Amino acid sequence: MMTGRISIMMAGCSLAMAGLCAPVRADTAAMAKLFGAREEVLHASLSPDGSAIALVQPLAGQASALYVADLAGSGELQPRRILTADGKPERLQWCRWVGNRRILCNVYAINLLPSGQISYVTRLLALDADGANMRLIQGNRSSGILVRDALYGGEVIDWAPGQDGHILMMRDYVPEESLGTRAAQTKDGLGVDDLDTTTLRSRTVERPRSNAGAYLSDGKGTVRIMGLRDMESDGYSSGVIRYMFRRSGSQTWEPLESWDDNRNGFDPHDVDAALDAVYGLRKVDGRLAAFRKALDGSGKEELIFAHPSVDVDGFVRIGRKGRVIGVSYATDRREIRYFDPDMEKLGRALSRALPGAPLIRFVDSTEDEKTLLLWAGGDSDPGRYYLLDRATNRMVDLAGDRPAINFPLAKVRALSYPAADGAMVPGYLTLPPGKETAKGLPAIIMPHGGPGARDEWGFDWLAQFFANQGYAVLQPNFRGSAGYGDAWFKTNGFQNWRTAIGDVNDGARWLVAQGIASADRMAIFGWSYGGYAALQAAVVESDLFKAVIAVAPVTDLDRLREEFRYWSNFRQVSRFIGEGPHVEEGSPARHAASIKAPVLLFHGTLDRNVADGESQLMDSRLKKAGKKSELVLYPELDHYLDDSAARADMLTRSAAFLEQALAR
């Protein structure tokens, strides 16, 4: 329990102390390098006894490395590198302690399969804290000819099943063809193993099932929930998952409830062994709310928390056992409703101690939860990692996400503006530092990706870069955005593109009407669905924007559908896109001749989400129509352009393009 004030030991000049730091101004390329750089800490984990920390940090290109640092003493961290992934194609996604001397890492890559499809491939590997005894954990333990690609390397569903260094691992078994007299491995689908990460010896906890899609453990080594995917006769997923549960001490599976693509039913998230219940989400008045459902067979269910305006989108956990301490949701900014009184007091104390970084995330903890690893950030603070001793209330500043950005950043203001039909569209406005009251600014409308996503209050490297360059940036959560319930999401931003794009364009008009922006210096920038929205906005209102930038955009809805034909979720994607006149009318590549503004396109050539052919098609159609278009392709990069140099190049090119197009 918190009994006093938190004292913070700072390692260096943080953004909260920006007034004491020398202001930095440089040319556009230098700023692009600063804002485009990947975060200095990609993932962090605290050992169960609190003696060491593991950090995944970026290297050049897409490379990354695992560092381990001892936490004894009060001096600066002295991390030692114990593992490197060169990014060609292997990359480290996360590394987490499975014992006081053993670490488990998730390695992923994007590969071009023999079929010509681009796919993510994941694997788990374990190693000691000094880098020794490295062992690759195969997702499939067979050694013959597999009947399908083994792409999924497994997932940990329980980090503390009872023995140090052990995990409960959800594992994909791929059957193999018979090789002469050798008996083929016939197991198929997802199962659960108890795995010793040092010896790789394992025992089966749940036999593989071909239609299994998920398992949930209770944090003590017992699997209590299983999700079974409904598959259609042609092998495509129906989009429905049926959940089963076990009563305490039983081996019999019983029906729990179903969940589908339209968020109908009950979506289980976390099992609480002490309460013999599962936490999950269910809709109340069209918005997701948090429930707790008994696992004793009674079916008893209680509403834990519902918000009247937004979805509850997840549960907040702490510790190796994943103890649920609250729920998370986003209104104007991310908020937490705590269930645990001590954690609620701690949250309030942290807000007082870190007023410039009100967004708090509990990253990890020791086994006894007495020492916490947390992250704190805000709109003008990219974020820092801290170590908190709850007994002494002493907090040590460990590392920052973007320590090179040590100058004042723009503030982000939550607002809403009227759409043409009177609906109030929420969004965020970022104005150049020092120009919060300026009028007639050059402006950028920046629709988010998804479309089943939303923007949130906080640090955004794209918006902050453009604000640094003197632009007003508006990020609208148009209708079709997630997080606001079914009525706001509608069908989605593709099938209801007219409403979504109308909201985006109304944001541009609102900026001009308020005097914030100049009508003849209005641009639009978007990534993924945001890139689609940028292009389609310029199609339907050709005089509104004077420049269009689209990163990894969808440009043809039928083409997007076909990109998923050979994957099990093809029917789900197809239903999401839909059929009808909106496909023709809402595909910007088919209406390139309507766009008047110059267009700049960026795309990675190994994009699994949206193939680079979509940008190539758009560029070709624009040039054929006599329009100004430039396409920049980044070889070997995926949808997220996870390369600091590439991102810096994209920002530099974008700034130069806007400068010319808007004649600043």
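If residue 555 satisfies all but one of (1) in a loop (DSSP other than H, G, I, E, B); (2) within 17 Å of residue 590 (Cα to Cα); (3) open to solvent by 10 Å² or more (accessible area, probe 1.4 Å), what's the number of the condition it fails?
So residue 555 meets the others, but not (3).
With the structure loaded, tell me whether residue 106 is within 29 Å of residue 647 (Cα to Cα), crowded, with 19+ Cβ neighbours inside 10 Å, free of Cβ contacts under 8 Å to residues at least 60 places away in the same chain and within 21 Å of the chain's Cα centre (by Cα) or whether it fails that test.
Details: within 29 Å of residue 647 (Cα to Cα): yes; crowded, with 19+ Cβ neighbours inside 10 Å: yes; free of Cβ contacts under 8 Å to residues at least 60 places away in the same chain: yes; within 21 Å of the chain's Cα centre (by Cα): yes.
So residue 106 passes the test.
If we keep just the residues of the range 486-511 that are among the polar types (S, T, N, Q) and within 17 Å of residue 446 (Cα to Cα), which is surrounded by the fewest Cβ atoms within 10 Å (Cβ to Cβ)?
499
(1) open to solvent by 10 Å² or more (accessible area, probe 1.4 Å); (2) part of a strand (DSSP E or B); (3) modelled with pLDDT under 95: which one isn't true of residue 395, the others all being true?
Going through the list (1) open to solvent by 10 Å² or more (accessible area, probe 1.4 Å); (2) part of a strand (DSSP E or B); (3) modelled with pLDDT under 95, residue 395 breaks only (1).
Which of the numbered conditions does residue 61 fail, given that it passes all the others? Conditions: (1) modelled with pLDDT of 95 or more; (2) in contact with a strand residue (DSSP E or B) (Cβ under 9 Å, 6 or more places away or on another chain); (3) surrounded by fewer than 20 Cβ atoms within 10 Å (Cβ to Cβ).
All conditions pass for residue 61, except number (2).
Does residue 421 satisfy being under 25 Å from the mean Cα position of the chain (by Cα) and modelled with pLDDT of 95 or more? Please lay out each step first, then the result.
Details: under 25 Å from the mean Cα position of the chain (by Cα): no; modelled with pLDDT of 95 or more: yes.
The answer is no for residue 421.
Just checking, how many residues over the range 558-579 are farther than 30 Å from residue 522 by Cα, in contact (Cβ under 8 Å) with a residue 60 or more places away in the chain, outside any loop (DSSP other than H, G, I, E, B) and not charged (D, E, K, R)?
So the answer is 3.
Please find, within the range 273-300, the residue that is farthest from residue 224 (Cα to Cα) out of those that are part of a strand (DSSP E or B) and free of Cβ contacts under 8 Å to residues at least 24 places away in the same chain.
Looking at the filtered set, the residue picked out is 284.
Based on this model, can you work out whether residue 56 counts as in contact with a Cys (Cβ under 6 Å, 6 or more places away or on another chain) and open to solvent by less than 20 Å² (accessible area, probe 1.4 Å)?
Spelling it out, residue 56 is indeed in contact with a Cys (Cβ under 6 Å, 6 or more places away or on another chain) and open to solvent by less than 20 Å² (accessible area, probe 1.4 Å).
Of all residues in the range 229-271, which are hydrophobic (A, V, I, L, M, F, W, C) and touching an Asp or Glu at 6+ places or on another chain (Cβ under 9 Å)?
240, 241, 244, 245, 259, 266, 271
Just to be sure I understand, how many residues within the range 357-372 are open to solvent by 40 Å² or more (accessible area, probe 1.4 Å) and either touching a residue at least 60 places away in the same chain (Cβ under 8 Å) or not in a strand (DSSP E or B) (or both)?
5
Would a scan of the range 599-607 turn up a residue that is open to solvent by 30 Å² or more (accessible area, probe 1.4 Å) and assigned to a helix (DSSP H, G or I)?
No, the conditions are met nowhere in the range 599-607.
Yes/no per residue for (1) small (Gly, Ala, Ser); (2) more than 30 Å from residue 564 (Cα to Cα); (3) assigned to a strand (DSSP E or B); (4) open to solvent by 40 Å² or more (accessible area, probe 1.4 Å):
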| residue | (1), (2), (3), (4) |
| --- | --- |
| 230 | no, no, yes, yes |
| 233 | yes, no, no, yes |
| 238 | yes, no, yes, no |
| 249 | yes, yes, no, yes |
| 271 | no, yes, yes, no |
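If you take the residues in the range 323-333 that are in contact with a strand residue (DSSP E or B) (Cβ under 6 Å, 6 or more places away or on another chain) and open to solvent by less than 70 Å² (accessible area, probe 1.4 Å), which one is farthest from residue 220 (Cα to Cα)?
Result: 329.
I'd like to know if the range 413-428 contains one or more residues that are touching a strand residue (DSSP E or B) at 6+ places or on another chain (Cβ under 6 Å) and closer than 20 Å to residue 647 by Cβ.
no
Pick from 621, 653: which is basic (Lys, Arg), under 27 Å from residue 57 (Cα atoms) and over 21 Å from the mean Cα position of the chain (by Cα)?
Result of the check over 621, 653: 653.
Residue under question is residue 404, and the condition is that it be open to solvent by 10 Å² or more (accessible area, probe 1.4 Å), out of contact with any Leu (no Cβ under 8 Å at 6 or more places or on another chain), closer than 30 Å to residue 97 by Cβ and part of a loop (DSSP other than H, G, I, E, B); does it hold? Before the answer, list the steps.
Working: open to solvent by 10 Å² or more (accessible area, probe 1.4 Å): yes; out of contact with any Leu (no Cβ under 8 Å at 6 or more places or on another chain): no; closer than 30 Å to residue 97 by Cβ: yes; part of a loop (DSSP other than H, G, I, E, B): yes.
No: the conditions fail for residue 404.
Matching residues to (1) assigned to a loop (DSSP other than H, G, I, E, B); (2) under 25 Å from the mean Cα position of the chain (by Cα); (3) over 15 Å from residue 501 (Cα atoms):
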position: 525; (1), (2), (3): no, yes, no
position: 532; (1), (2), (3): no, yes, no
position: 584; (1), (2), (3): no, no, yes
position: 596; (1), (2), (3): yes, no, yes
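What tally of residues in the range 207-228 results from selecting those that are of a type in the set (Ser, Thr, Tyr) and assigned to a strand (DSSP E or B)?
Adding up the residues that qualify gives 2.
Consider residue 583 against the criteria (1) in contact with a His (Cβ under 9 Å, 6 or more places away or on another chain); (2) among the β-branched types (Val, Ile, Thr); (3) over 27 Å from residue 464 (Cα atoms): it satisfies all of them except one. Which criterion is unmet?
Residue 583 satisfies all of (1) in contact with a His (Cβ under 9 Å, 6 or more places away or on another chain); (2) among the β-branched types (Val, Ile, Thr); (3) over 27 Å from residue 464 (Cα atoms) except (1).
For the subset of the range 183-206 comprising residues that are outside any loop (DSSP other than H, G, I, E, B) and of a type in the set (Val, Ile, Thr), which member is least open to solvent (accessible area, probe 1.4 Å)? Give the steps one after another, and end with the answer.
Here is the first cut: in the range 183-206, the residues outside any loop (DSSP other than H, G, I, E, B) are 189-196, 202-206.
Add one more test, that the residue is of a type in the set (Val, Ile, Thr), and what stays is 192, 204-205.
Values: 192: 0, 204: 71, 205: 39 Å².
Restricting to residues being outside any loop (DSSP other than H, G, I, E, B) and of a type in the set (Val, Ile, Thr), the top hit is 192.
Cβ-Cβ under 7 Å, sequence separation 6+ or interchain: first residue in the range 440-460 and closer than 19 Å to residue 502 by Cβ, partner of a type in the set (Asp, Glu). Which pairs?
Final answer for the pair search is 448/455.
If a residue has to be part of a loop (DSSP other than H, G, I, E, B) and among the aliphatic types (A, V, I, L, M) to count, how many in the range 608-664 make the cut?
Initially, the range 608-664 is screened for residues part of a loop (DSSP other than H, G, I, E, B), giving 608-612, 625-628, 635-643, 662-664.
When the remaining residues are screened for being among the aliphatic types (A, V, I, L, M), the result is 610-611, 625, 637, 641, 662-663.
Selection size over the range 608-664: 7.
How many residues are more than 20 Å from residue 557 (Cβ to Cβ), in contact (Cβ under 8 Å) with a residue 40 or more places away in the chain and not aliphatic (A, V, I, L, M) if we restrict to the range 580-638?
Residues in the range 580-638 being more than 20 Å from residue 557 (Cβ to Cβ), in contact (Cβ under 8 Å) with a residue 40 or more places away in the chain and not aliphatic (A, V, I, L, M): 6 in total.
Check every one of the strands (runs of 3 or more DSSP E) wholly within the range 25-144 and list those with 3 or more residues that are closer than 30 Å to residue 613 by Cβ. Quick ask: steps written out before the conclusion?
Details: elements: 43-46, 52-58, 64-70, 80-85, 91-97, 102-112, 118-128, 135-137.
Filter on the range 25-144 gives 91-97, 102-112, 118-128.
Just need a number here: residues in the range 26-53 that are in contact (Cβ under 8 Å) with a residue 60 or more places away in the chain and either open to solvent by 10 Å² or more (accessible area, probe 1.4 Å) or among the aromatic types (Phe, Trp, Tyr) (or both).
Number satisfying all stated conditions: 12.
Quick one: which residue in 343, 244 is touching a residue at least 12 places away in the same chain (Cβ under 8 Å) and within 27 Å of residue 98 (Cβ to Cβ)?
Details: 244 fails: within 27 Å of residue 98 (Cβ to Cβ).
Unique residue meeting the criteria: 343.
So residue 480 fits all but one of (1) open to solvent by 10 Å² or more (accessible area, probe 1.4 Å); (2) within 22 Å of the chain's Cα centre (by Cα); what number is the exception?
(1)
The values are calculated or read from the model by the stated rules, or taken from the named source; none is laboratory data. Since the model is a prediction, treat every value here as computed from it, not as a measurement. Note that each Cβ is placed from the backbone with ideal geometry, even for glycine, and that neighbours are counted across all protein chains shown. Just the protein is used for accessible areas: all its heavy atoms, side chains included, with ligands, DNA and RNA removed. Shrake-Rupley method; radii C 1.70, N 1.55, O 1.52, S 1.80 Å.
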